[in-house]
Every structure is written in structure tokens, then in C-alpha cells.
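Single-structure report; data block below.
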Amino acid sequence: DVVESQEHYKSRWRSIWIMYLTMFLSSVGFSIVIMSVWPYLQKIDPTADASFLGWIIASYSIGQMVASPLFGLWSNYRPRREPLVISTAISVAANCLYAYVHVPHAHNKYYMLTARALVGFGAGNVAVVRSYIAGATSLTERTSAMANTSACQAVGFILGPVFQTCFTLIGEEGVTWKFLCLQLNMYTTPVLFGALLGVINIILIFAIFREHRVDDMGRQYTSINSDGEGSDVLDQNTEGGSIDHVAVVALNVLFFVILFVFAVFETIATPLTMDMYSWTRKEAVFYNGIILSVIGIESVIVFMVVKTLSKKTGERAILHAGLLIVLVGFFILLPWGKKLPNIQWQEIKNNSIPRTAPSEMLAPYWSLPELQLPANHTAEPVGCPVTQSWCLNTPMIYLAQYISSDVLIGLGYPVCNVMSYTLYSKVLGPKPQGVYMGWLTASGSGARILGPVFVSQIYTHLGPRWAFSLICGVVVVSLLLLEIVYKRLIAFSVRYGRMQE
């Protein structure tokens with residue numbers, strides 16, 4: 001080990017900033033088209049239905065789940081520049097494919113599915129980014145660097161829809177370049193912009209990024225070759241001791257739970273508000289878009305605050321507090337009152353209410369004057385659809401409950417996200433972390449796939465009381481797991497007595 005020079009320090013942090021940018025662009029690539037996927041899908045392929053849209057949304061996470069361990073393994077045995085450049089190039093190509101999915105005469109929806117899956121595959125470089133940052137920072141720098149990484153990811157998710165909104169000014173028709181068979185419109189321009197950002201990212205990786213490693217105390221590892229671009233595999237046994245795999249598995253489970261409950265929260269927002277507050281589709285998308293944007297800003301602030309707070313209390317205590325806040329947030333969402341949600345007028349007009357429903361419960365809805373609509377009325381039905389039988393006996397969730405829950409989950413989720421990544425990287429220690437970070441990223445991707453499935457099944461068939469009770473139960477179990485492994489969630493160097501906690 002050698003003392004780190006000032007030049008090495010500057011180069012190391014320039015490379016870390018390139019990783020921040022890569023994380024930002026990865027999340028922008030996901031969110032920049034998320035609002036326009038459905039109308040674009042309907043335009044290019046009328047045979048696509050809402051269930052196929054679900055597959056297109058999930059394909060990103062499936063691609064990332066498959067790619068993360070592969071890119072992580074690659075980064076352990078080869079210079080990280082290779083998987084970073086290849087993964088980004090895959091995302092650029094996938095975005096270009098998305099811009100051309102209107103060209104084929106048939107099966108357009110499958111081309112879109114392939115494009116989004118490949119964008120997700122390229123986003124598997126998140127594992128490489130986090131493993132590099134873990135290896136290029138000391139223990140004292142780690143929490144701050146991981147928080148900055150998550151903040152860049154959150155800002156990308158926030159700005160993606162903003163970019164999409166700006167590009168809507170181009171309109172659905174836009175401009176057509178016949179010699180390239182390319183339509184520049186509100187659907188294709190965002191992905192081409194994302195591809196341009198990817199190209200810039202590749203150039204910066206070649207121009208600025210350098211391979212650096214320091215140990216837990218911040219001491220520079222001697223370079224394997226002159227430019228420091230060699231693989232880490234030769235260093236794997238420079239420090240003795242084995243990784244605590246119980247702690248590793250526990251943190252993977254906790255991370256899965258954290259991303260699962262947030263995926264449920266994101267997915268359930270639109271149907272819940274439409275059912276409870278009789279919002280139209282447009283109102284639900286607009287109001288929830290504002291709420292999620294505010295939560296995104298709240299998350300960035302939280303990421304900045306936990307960097308300072310963790311120095312005083314430690315990461316484990318903050319992770320515990322974050323899970324408790326998430327638990328309270330979902331507990332608040334349980335329906336407690338007596339007022340029932342409005343039933344969709346269209347369902348009532350068609351006399352499709354089950355005969356088993358209590359007559360006293362139905363009476364108020366039959367007497368509402370706004371239900372007396374002309375036969376040719378085409379307004380969008382609003383309220384809780386009677387096809388969801390729980391609508392007839394489950395109290396509504398008040399708007400104040402919903403907003404309070406949003407604030408608490410927006411506070412607890414970023415805390416848990418950063419602390420789980422930070423603890424994970426510290427438990428793994430100085431050995432190459434690519435594969436392990438790949439598994440952690442894959443567990444998060446799996447959670448984002450299962451979250452919407454959970455909502456579509458449990459919420460639709462059993463209602464919010466069952467859905468949120470089960471979520472509370474899952475969070476309680478995760479808190480118990482955290483208590484069991486609490487003493488094991490310590491840094492590798494602390495575990496083997498090389499440093500004091």
C-alpha cells in the first residue's frame with residue numbers, strides 16, 4: 001500500500017463523477033419515455049392491449065435483472081471501462097431501435113418490447129457503477145458517495161418526464177426524414193435525445209474515466225500496470241478474511257423488500273386515487289405526477305441529509321429508522337373510516353351491482369342526481385368500479401391519509417435505499433464487488449417486476465385493506481430480520497479488527 005497522491009485523489013474523484021453521470025443517464029433512459037409508451041404503442045400497433053403494456057414496462061427490469069450479474073462478473077476480471085462502454089452502447093442502439101419501431105408493417109409491439117428490454121439490459125451497468133464507487137472510496141467516503149449516486153439516480157427519474165414534457169411541443173406528427181425513414185415526433189425525439197446523451201457518456205468514459213482502488217482506510221493500492229487499468233482479480237487475496245454471507249443475504253432480502261414496497265406504492269397510486277377520489281385518468285396521471293415529482297425532490301434532499309446524519313448515528317440505526325417510517329406510511333393508508341367510495345355510475349346504470357350487496361349501502365348512489373345521464377352520454381366513468389366487490393364494503397382512504405403516507409414513504413424509502421447500498425458495500429470489504437453488486441441490483445429489479453403484479457392481483461381482488469396490511473406485515477418481518485442480523489452488519493475491516501467502528 002502507498003500513500004495517495006494529490007494527483008491520484010483528483011483523478012479518482014473525476015472518475016467517480018463520471019460514474020454519477022452514468023447513473024443519472026441510466027435512470028433518464030428509463031423515465032424519459034415512461035409517460036408516452038402507452039399512446040405510442042396504441043399508435044404503432046392497434047392490436048396491443050393494456051396487459052401487453054405491462055410486459056413492456058416490466059421488460060426494462062427483466063433486462064436489468066439478467067444483465068446486472070453478468071456485467072458485475074465482467075467488471076471483476078476485466079477493466080471496468082469495457083462493460084461500461086458496451087452496456088451504454090447497447091442502450092444507445094436500443095433507443096435508436098425504439099425510434100424505428102413504427103417502420104415494420106407488422107408485430108410492431110414486439111419490436112418495442114425488444115427495445116425496452118435492451119435498454120434495461122444496458123442499465124445493468126448500475127452494478128458496475130456501484131462496485132466501482134465501493135472500491136474507489138474509503139469507509140469514511142462511502143456513505144456520501146453512495147448517497148450522491150442515489151441522488152443522481154433520483155434526479156434522472158425526475159428529469160426524464162420533464163424532458164418528455166418539453167418534447168411534446170413537437171407534436172404527434174413532427175418532422176419526417178424520408179431518406180432515413182425516421183419520424184421526429186413527441187414519441188421518438190426523447191429516445192434519440194437519450195441516445196445522444198449515451199454517446200456523450202461513452203466519450204467521457206474514454207476521455208476521463210480511470211481505474212482506481214483504495215482500501216477501507218483510503219490508502220492507494222499499487223497499480224497492476226502503468227495506467228491502473230488492469231483487473232482487480234490479482235488483488236482478491238491482498239487482505240485475508242471471508243465475507244459474512246449471512247449479512248450479504250440479509251441485505252439482499254432487505255433491499256428486495258425496500259424496492260418491492262416502493263414499486264407497489266408507485267403502481268398503486270393511479271388506480272387508488274381513481275377509485276377513492278373519483279379522479280379521471282387524466283386527473284390521476286396529472287396529480288400523481290406532481291406528487292411523485294415532489295417526492296423525488298424530497299428524496300434528493302434526504303440523500304443529502306443522511307450523508308451528515310450517518311456520521312453521528314451510523315448506517316444501521318438510520319436503516320432501522322427508515323424501515324419504521326415506511327411501516328408507518330403504509331399503516332396510515334389502511335382504511336379506517338365509515339364513508340364508502342363513490343361507485344362508478346356506468347356500472348350502476350347497467351344494473352351490474354351484485355344482488356348480495358346490502359340495499360342500505362346502495363341507496364345513496366341510486367339517489368344521486370348526477371347519475372341521471374342521457375343514453376348517449378360518453379363521459380368517462382369515475383369512482384370505484386363495482387366489479388371490484390370490495391368497493392361496496394371498504395371505507396374510503398381520505399386524501400389527507402394519502403398525502404401523509406406519500407410524505408412518509410418519500411422520506412423513508414431514500415433513507416433505506418442509500419443505507420442498504422452503503423452497508424452492503426462495507427460488509428463486502430476490499431475484494432471486487434461486481435458480482436455481489438450485480439445480485440443486489442438484480443434483487444431490486446425483481447422487486448420492481450413483482451410489485452405491479454402484487455398490485456394487480458391483491459389490490460384489484462381483495463382491496464386496499466388486504467394489500468396494505470400485507471405490505472405492513474412484510475415490513476415488520478424485514479424489521480425483525482434487521483434485528484437478527486444487526487450486529488453482523490459491520491464493515492469488513494471492522495469485523496477483522498483492522499479498524500474501529
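Of note:
- Helices (runs of 4 or more DSSP H) lying entirely in region 43-162 (those with 1 or more residues that are more than 22 Å from THR189 (Cα to Cα) and in contact with a helix residue (DSSP H, G or I) (Cβ under 6 Å, 6 or more places away or on another chain)): 50-77, 81-99, 126-135
Residues are listed down the side, and each one gets a yes or a no for (1) modelled with pLDDT under 80; (2) open to solvent by 30 Å² or more (accessible area, probe 1.4 Å); (3) not in a loop (DSSP other than H, G, I, E, B):
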{"position": "THR176", "(1), (2), (3)": "yes, yes, yes"}
{"position": "MET186", "(1), (2), (3)": "no, yes, no"}
{"position": "LEU204", "(1), (2), (3)": "no, yes, yes"}
{"position": "ILE224", "(1), (2), (3)": "yes, yes, no"}
{"position": "GLU229", "(1), (2), (3)": "yes, no, no"}
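- Within region 20-31, the set of residues being in contact with a Cys (Cβ under 8 Å, 6 or more places away or on another chain) and open to solvent by 20 Å² or more (accessible area, probe 1.4 Å) comprises LEU21, PHE24.
- All conditions but one from (1) among the aromatic types (Phe, Trp, Tyr); (2) open to solvent by 80 Å² or more (accessible area, probe 1.4 Å); (3) modelled with pLDDT under 85 apply to TRP17; the one that does not is (3).
- Answer residue from region 98-129, given it is surrounded by fewer than 18 Cβ atoms within 10 Å (Cβ to Cβ) and of a type outside the set (Ser, Thr, Tyr) and is nearest to the chain's Cα centre (by Cα) among those: HIS107
- Entirely in region 406-501, the helices (runs of 4 or more DSSP H) that have 2 or more residues that are crowded, with 24+ Cβ neighbours inside 10 Å: 434-454, 464-485
- Apart from one condition, GLU483 fits all of (1) modelled with pLDDT of 85 or more; (2) touching a Ser or Thr at 6+ places or on another chain (Cβ under 9 Å); the exception is (2).
- Every residue from region 71-91 that is open to solvent by 50 Å² or more (accessible area, probe 1.4 Å), farther than 26 Å from LEU196 by Cβ and of a type outside the set (Phe, Trp, Tyr): LEU73, ARG78
- Inter-residue pairs, beta-carbon under 7 Å, first free of Cβ contacts under 8 Å to residues at least 24 places away in the same chain and in region 284-313, second surrounded by 15 or more Cβ atoms within 10 Å (Cβ to Cβ) and hydroxyl-bearing (Ser, Thr, Tyr), 6+ apart: ALA284/THR270; ALA284/THR273; TYR287/THR273; ASN288/THR270; ASN288/THR273
The values are calculated or read from the model by the stated rules, or taken from the named source; none is laboratory data. Being a predicted model, the structure only gives us computed values, none of them experimental. Counting neighbours? That spans all protein chains shown, and the Cβs are built from the backbone with ideal geometry, glycine included. SASA here: full protein model, heavy atoms, side chains in, ligands and nucleic acids out. Shrake-Rupley method; radii C 1.70, N 1.55, O 1.52, S 1.80 Å.
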